[in-house]
Each structure stands twice: as C-alpha cells, then as structure tokens.
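Remarks on the structure that follows.
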Amino acid sequence: MPWNDKFECMPVEKLNKLQIKYLKETVAWVCERVPFYRQRFEKIGITAADIKHTEDIAKLPFTVKNDLRDNYPFGLCAVPMEEVCRIHASSGTTGKPITGPYTIEDLNQWSECMARNFWAAGIRKEDIFQNAYGYGLFTGGLGFHQGANKIGCAVVPTSSGLTERQIMLMKDFGTTALGSTPSYALTIAEQAESMKIDVRKLPLRVGVFGAEPWTVAMRKEIEERLGIKAMEAFGLTELSGPGIAFDCEAQDGLHINEDHFLAEIVDPATLEPLPLGEQGELVLTSLQRRAMPMLRYRTKDITRLRREKCACGRTLIKMNKISGRSDDMLIISGVNVFPSQIESLLLDIEEVEPQYMLIVRKKGYLDHLIVKVESKKEIYDAGPQKRTEIENKIKGHIKSTMGVGVEVNLLEPKLLTRSEGKAKRVIDERPKN
Ligand code: ADP
Ligand code: ZN
C-alpha cells in the first residue's frame, strides 16, 4: 500500500483533470503576482482560460536557469516575504546561485512528496534513518529530514562528511536506513572496509540515494558492498528539491508525483514536445507551489516517460533513470557519449574499482577522451605489463560497445578524491569559445 493511495493510485483520467485544474490555477497565480510571467504571457496573448487540456501547456514559454539568475534573488517570488518561511539555494558552481523560497504550505507539500519516497523505499516509523545528505542551502539535507519526520522514523542528522564518524554512529545507533548521494554511499562502503567493519553485518538494510546521476550497475555495486536495497530519489532546487520522482519496490523507473508536477519530454535541440516514450529533455511544471511556481522548467536532464501498469499499483507516470544532463553530453568522434555509459562499462570490468574520472581534451580538431580509473590493488601490484593488459581490455570494451576510441589510464588505488556530496567526474579541458 502506498503512503497516499488517493493520489498515488488515482485513475489516470482523474489525475489528468486534477492536473489541468492545478495548471490553470498556477498560471493565473503567477500572472497576477509575477511581472516576469505577466509580461511574457501578455506578449503571446495567453491567459489561464486558454488551458483546456494538459497538451495546451505547449503554448506556454519555457523557463530556464538563466531566467532564475536574471531574477536573482526574489524576482520570481509570487508571495510577499512575510509568507516565505524558508529559502534554499542551489550550489551554483558557475555564476550566481538560484534561490528557492517556500511558504509553509509549500514545505508541507514537499514533505508529503518525500514521505511517499520514503514509504515506497520501505522505510517505516521503526526505522533509524541516518541522513548523510548535506544540511544547509542544499535541498537534500532538509528535504530528506522533513520527509523522514513525516514518516515518523528516528532521524540522525549527520549531514555529509566525517565518514569515520558516520560509520561509528551507524554501528552504535543501529542505523537501518541511509540517505546520501550514491557516490558518497560508495565512499562510506570503502571507508568501512578499510576500518575492517563489515556493513553487511550491521542492521542497515536500505538506502535512498539521489542528487546525481548513477547507473544500474552502480546501484548493484552499492547494494552488494553495503548489503542493502538501494532506492532512488530525484529532484531539483528549482522545483522544490528531492521528492519529485521516486523508486518503488519494482526498481524499474521512478514514479513522478504527478499531482504536484507535470512532466513533459522535449527535443533538447528543437524544443518540440516528443511523443510519450521517446527520450529527450525533461521539462517540469509545478502544480501546487505558491512561493515560486515554475512553468515549463527545462531541467537539462535526459530521460523518457512511461505510462504503464506498475507492479506496485501506483498509477503515477514513470521516468527512466536519468542518463545524464544534456550539458554533460560529450561528442567523441561524432558519437554522443554520456558519462553514465562509460560508468556502466567500467563496472563490467572486475579488475577496477568504481572510482573514475573522465578528461576531455582537444586533439587537433577532434575531441579526445581520457578515462582514468582506479585498479584493484592486486592488479596494480602485479606490475606495468598487467596494467597495460587491463587498460587495453577496457579500451576494447568501450570501442566494441560504443564505437569510440578512448585513452585509458589505470590508476593506483585510492588516488582519486572521494566524494562527500555530488561527485565531479568530468573535467572538460577543451578551450571555451
Ligand atoms: P545543482 O543544480 O546546483 O546541482 P540541485 O541539487 O538542484 O543543484 O541539482 C539538481 C540536479 O541534480 C538535477 O537536475 C539532476 O541533474 C541531478 N539529480 C538529482 N537527482 C538525481 C537522480 N536521482 N539521478 C540523476 N540525477 C539527479
Ligand atoms: Zn511502481
């Protein structure tokens, strides 16, 4: 049984009607309160009355990250500050961060979405949830915290980092559920191994991982190394944070909280809506948010949607695991390559650790990809001949599956910096023009 079967198992037609109702309300809400939207809508002559079907959403303009930056910090806020009760911001590695204001009702809805995520992962009141997402401006920490509170389990707010202490607390408190980025879960696994603690023998049984792309192969690796079920959470600051979509027990695509978010897939080049089932860029519209609603926000995340009967009984549409962000896509000798594809292939090779780094350089007119991956200790110790053999094996595996030639450097174990939050796995050294 889902957390909220009224909405999670709502017949699709009814859900659709609800979405239209909320969409009209949201359009009217922002037109009335946010000059940015009002001006845009007046320019194209659209009002809430023009929305009759969910497809009519295609009449509305897209919103992009730069719109949020241009209106930094509160230009897109639709309520007076006295009604705002929390402000988050995304990391904003380049330029200004983007802000996420919430009313108290926005926070309650966010908690509801996260509670569905926790519940679907099998987490209950009796669980002890160690929250190793970073607390602070990042929506991961508090987003997971609130959702856990709603379920009523015991939250251990460790935040990310101090990995040895995480493991000590995990052992002493008898933590049963963990939340972190997938890359940090791996860091924890590795640290425990070096402390000679077998996490598989601890009470830990489930993790809820998200905030960065990870492959099915990586999920299996984490499940094996920690001896747990690895479930997933998806979200972004612009649309409130984690809890937009979540894994169910089928672990076969993430259910989108469709009573809160309307999802579309568009061709990232032409921006034309794509038919259901096709892969493209995920575009999200918030349906119930009040402080900062988002209309047709281009996430840059690449996935596809599936409307199908799920074994769990939920009717909410499913999205495939994100294969990457359109701006992380590399074009290597004319072939589109997502870092996640390389990750998947590296995890097929038993002689290496799941710790890698991709470096892109220009070689003449062509892009050149260097894959740096840590080897298992015994391989590294076996000497240069063995290392070359494994490098060639990896090169061959990538060439035969993806058709691209890459350079492979096998690294000494533990050489790469370990992630505590979102892993940085691609270094683009091509000149910017
Ligand atoms: P920032 O944009 O600064 O990284 P966010 O925390 O808002 O800040 O990041 C949201 C992005 O994180 C998403 O657009 C997506 O690219 C990525 N993300 C979040 N959850 C997942 C997930 N489960 N799988 C893949 N990518 C994810
Ligand atoms: Zn399901």
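Select from the stretch 128-153 the residues that are among the aromatic types (Phe, Trp, Tyr) and in a loop (DSSP other than H, G, I, E, B) and write down the one among them that is nearest to residue 171 (Cα to Cα). It comes out as 133. Give the residue that is nearest to ligand 1 (Cβ to nearest atom), with candidates limited to residues of the stretch 227-269 that are of a type in the set (S, T, N, Q), part of a loop (DSSP other than H, G, I, E, B) and crowded, with 22+ Cβ neighbours inside 10 Å. By that ranking, first place goes to 240. Of the residues making up the stretch 81-124, those that are within 16 Å of ligand 1 (Cβ to nearest atom) and among the aliphatic types (A, V, I, L, M) are 87, 89, 98, 114, 120, 121. Can you spot a residue in the stretch 43-59 that is assigned by TED's automatic domain parsing to the domain that holds residue 244 and more than 24 Å from residue 264 (Cβ to Cβ)? Among the residues of the stretch 43-59, not one is assigned by TED's automatic domain parsing to the domain that holds residue 244 and more than 24 Å from residue 264 (Cβ to Cβ), which makes the answer no.
Within the stretch 73-104, if we keep just the residues that are of a type outside the set (Gly, Ala, Ser) and over 12 Å from residue 292 (Cα atoms), the residue that is most open to solvent (accessible area, probe 1.4 Å) turns out to be 82.
It is to be established whether one or more residues within the stretch 397-407 are farther than 23 Å from residue 220 by Cα, without any contact (Cβ under 8 Å) to a residue 12 or more places away in the chain, outside any helix (DSSP H, G or I) and not assigned by TED's automatic domain parsing to the domain that holds residue 191. No, every residue in the stretch 397-407 fails to be farther than 23 Å from residue 220 by Cα, without any contact (Cβ under 8 Å) to a residue 12 or more places away in the chain, outside any helix (DSSP H, G or I) and not assigned by TED's automatic domain parsing to the domain that holds residue 191.
The residue pairs whose first member lies in the stretch 28-50 and is in contact (Cβ under 8 Å) with a residue 40 or more places away in the chain and farther than 14 Å from residue 63 by Cβ, whose second member is surrounded by 13 or more Cβ atoms within 10 Å (Cβ to Cβ) and not aromatic (Phe, Trp, Tyr), and whose beta carbons are closer than 6 Å, counting only pairs six or more residues apart or on different chains, are 33/78.
Scanning the stretch 313-334 for residues that are among the charged types (D, E, K, R), in a loop (DSSP other than H, G, I, E, B) and open to solvent by less than 20 Å² (accessible area, probe 1.4 Å) returns a single hit, 314. Checking each residue in the stretch 258-302 for being within 16 Å of ligand 2 (Cβ to nearest atom) and under 18 Å from residue 324 (Cα atoms) picks out only 263.
A quick yes/no check of all residues on (1) surrounded by fewer than 20 Cβ atoms within 10 Å (Cβ to Cβ); (2) hydrophobic (A, V, I, L, M, F, W, C); (3) in the same structural domain as residue 241 (by TED's automatic domain parsing); (4) within 14 Å of ligand 1 (Cβ to nearest atom):
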{"site": "294", "(1), (2), (3), (4)": "no, yes, yes, yes"}
{"site": "305", "(1), (2), (3), (4)": "no, yes, yes, no"}
{"site": "309", "(1), (2), (3), (4)": "yes, no, yes, no"}
{"site": "336", "(1), (2), (3), (4)": "yes, no, no, no"}
{"site": "350", "(1), (2), (3), (4)": "yes, no, no, no"}
{"site": "357", "(1), (2), (3), (4)": "no, yes, no, no"}
{"site": "368", "(1), (2), (3), (4)": "yes, no, no, no"}
{"site": "373", "(1), (2), (3), (4)": "no, yes, no, no"}
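The values are calculated or read from the model by the stated rules, or taken from the named source; none is laboratory data. For clarity, every value in this text was computed on a predicted model and none was experimentally measured. Reconstructed Cβ throughout: ideal geometry from the backbone, glycine too, with neighbour counts over all protein chains shown. In case anyone asks, the SASA skips ligands and DNA or RNA and just uses the protein heavy atoms, side chains included. Shrake-Rupley method; radii C 1.70, N 1.55, O 1.52, S 1.80 Å.
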